[in-house]
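The values are calculated or read from the model by the stated rules, or taken from the named source; none is laboratory data. As the structure is a prediction and not an experimental result, all values here were calculated from the model. All Cβ positions, glycine included, derive from the backbone under ideal geometry; neighbour counts span all protein chains shown.
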Amino acid sequence: MKEQINVFELNAEIYGVLSGGGEPEILFAAVNKMNFEEITAQARVMLGNGDAETVINYVEPSRFTGSVKELFWALAVSEAALPFAETLPTPVKSALYHNYITLLSIYVSNVYNPELLNSGDVRVLSAAHRFGYYMSEAEKRLADSDRAGYVGNLKKALSADKSKADIVSMLVDEL
């Protein structure tokens, strides 16, 4: 029988870890026992109170690279914070969106082999993963000072997942 995880105790541990007062090993041990549906559900419970600023302040992509599940947890928590972005000041909202894009890009490149994944194969990915793929491609173009390539990939990302229109719009405004 699978060990039950107390979501409220886990959330207390999460806040402890994120604020610097807890033990990351305890959090990651719990996360690694969960399946992906449980991770997503836990992230939604955690963000049910709209605490998006905690996510922005403490869910940094570089802290969640120990396993794909840890990375998925950070991505799920960041994604759960997205609906609260409208209430945030622009710089905070921008930080949330950039962290989400970074986490999603890292996740997609870890789950799918980037050397083998090409624009023709991307059609079989979920909308969120296609969005992540095209955002990753857009960031590469921007790093190469290819503004046209950047905007073209932003358009592809938006076509892949129209629910992320606010993110794309903010990135265009920042350009």
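Does region 107-123 contain at least one residue that is at pLDDT below 90, among the hydroxyl-bearing types (S, T, Y) and in a helix (DSSP H, G or I)?
There is at least one residue in region 107-123 that is at pLDDT below 90, among the hydroxyl-bearing types (S, T, Y) and in a helix (DSSP H, G or I).
Here is a check on your reading of the model: is K93 closer than 21 Å to D173 by Cβ, in the same structural domain as D173 (by TED's automatic domain parsing) and of a type in the set (D, E, K, R)?
Working: closer than 21 Å to D173 by Cβ: yes; in the same structural domain as D173 (by TED's automatic domain parsing): no; of a type in the set (D, E, K, R): yes.
No.
Of the numbered conditions (1) part of a helix (DSSP H, G or I); (2) modelled with pLDDT of 75 or more, V45 fails exactly one; give the number of that condition.
V45 satisfies every listed condition except (2).
With V151, V168 as the choices, which residue is farther than 22 Å from V59 by Cβ and of a type in the set (V, I, T)?
From the options V151, V168, the qualifying one is V151.
Over 18 Å from D161 (Cα atoms), buried (at least 19 other Cβ atoms within 10 Å of the Cβ) and out of contact with any Phe, Trp or Tyr (no Cβ under 6 Å at 6 or more places or on another chain): is that true of K93 in this structure?
In short, yes.
Give A148, A143, A85, A165 a once-over and let me know the one that is touching a residue at least 12 places away in the same chain (Cβ under 8 Å) and among the small types (G, A, S).
When all the criteria are applied, what remains is A85.
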